[in-house]
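Quick notes on the structure that follows.
The values are calculated or read from the model by the stated rules, or taken from the named source; none is laboratory data. Since the structure is predicted, the reported quantities are computational estimates derived from the model, not experimental observations. All Cβ positions, glycine included, derive from the backbone under ideal geometry; neighbour counts span all protein chains shown. The accessibility values were calculated without ligands, DNA or RNA, using every heavy atom of the protein model including side chains. Shrake-Rupley method; radii C 1.70, N 1.55, O 1.52, S 1.80 Å.
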Amino acid sequence: MSRNDSEVGKPVLSNLLDAMIGESRDHGWTEEALERILRRMDIAREDIRGIIPRGAADLAMEYHRRSDREMIAVLDTMDLSTLRFPDRIAEAVWQRCRQAAGHRLAVRALIAHFALPRHCAEGARLTWESSDSIWNYFGHTERDLNWYTKRMTLVTVLGSAALYLVGDSSDGLRETRAFIDRRIADVMRIESAKARVRNSRIYEPVAGMMSRFGTRVRHADGSRRGYSR
């Protein structure tokens, strides 16, 4: 797709995604749901093949990535400078959940979609991208094994928070928020334990080896944002 075609396709993609969010509540993130949308919008499948070549699967991925962008946009409007670092991470996860609060049935269908064997690898990669975007936002881009362990740990928080969200019937999703705070507290206890191990004399013989290994493992580059730990 050329750049001009891509620019033209953005509003079409956005409209299709908005419609798919509603349709997925009853029909899932499926080709059946997409076909219903195309008939209703009087759009031929050939006309959107360059925008979503894989159909509903591409819309599911776009929904996840749109939620990441919306999370970052909200964080950009907030003054987080007075918060402790763990509270900043918790706020990011909370804001991402809030983006989905209005269409939890669609999120439940999305979780089911990415649980399918043919889509689970994509789901794992997308959740990793979400974790990466949060750590990058708060300035954690150092090139060592912590890059991986921090992101992997946050992946589990994001996944469990999404599952908790779809079943939360509390006012203002207060139970989801409390759940996120508890999970982030658990993460920070793990980080503190790791720090104590790294500072232990017992760890010194392997520290250099682990450091060298960390510099050899590939990872995605991310731009440093306004906060650092």
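To keep it simple, each residue is scored yes or no on (1) assigned to a loop (DSSP other than H, G, I, E, B); (2) modelled with pLDDT of 95 or more.
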residue	(1), (2)
Asp5	no, no
Val8	no, no
Leu16	no, yes
Glu32	no, yes
Pro53	yes, yes
Asp58	no, yes
Exercise for the section: Please name all residue pairs, on different chains or six or more residues apart, with Cβ atoms under 6 Å, provided the first residue is in segment 1-29 and is of a type in the set (S, T, N, Q) and the second residue is surrounded by 10 or more Cβ atoms within 10 Å (Cβ to Cβ) and modelled with pLDDT of 95 or more. Expected result: Ser24/Ala33; Ser24/Ala106; Ser24/Ala109
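Only one residue in Arg49, Arg25 is modelled with pLDDT under 95 and in contact with a helix residue (DSSP H, G or I) (Cβ under 8 Å, 6 or more places away or on another chain), so which one is that? Before the answer, list the steps.
Details: Arg49 fails: in contact with a helix residue (DSSP H, G or I) (Cβ under 8 Å, 6 or more places away or on another chain).
Going through Arg49, Arg25 in turn, the sole match is Arg25.
Scan the helices (runs of 4 or more DSSP H) fully inside segment 65-181 and keep the ones with 3 or more residues being under 26 Å from Ala33 (Cβ atoms) and among the hydrophobic types (A, V, I, L, M, F, W, C). Give the steps one after another, and end with the answer.
On the way: elements: 85-100, 104-115, 120-137, 145-166.
Correct list: 104-115, 120-137, 145-166.
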Problem - Where a residue in segment 135-163 is closer than 21 Å to Ala178 by Cα and its partner, wherever it lies, is open to solvent by 20 Å² or more (accessible area, probe 1.4 Å) and aromatic (Phe, Trp, Tyr), with Cβ under 6 Å and at least six apart - result: Val155/Trp128
Practice task
Could you check, for segment 36-46, whether at least one of its residues is under 23 Å from the mean Cα position of the chain (by Cα) and in a helix (DSSP H, G or I)?
Solution key: no
Problem - Within segment 125-147, tally of residues that are under 22 Å from Met71 (Cα atoms) and in contact with a helix residue (DSSP H, G or I) (Cβ under 8 Å, 6 or more places away or on another chain) - result: 15
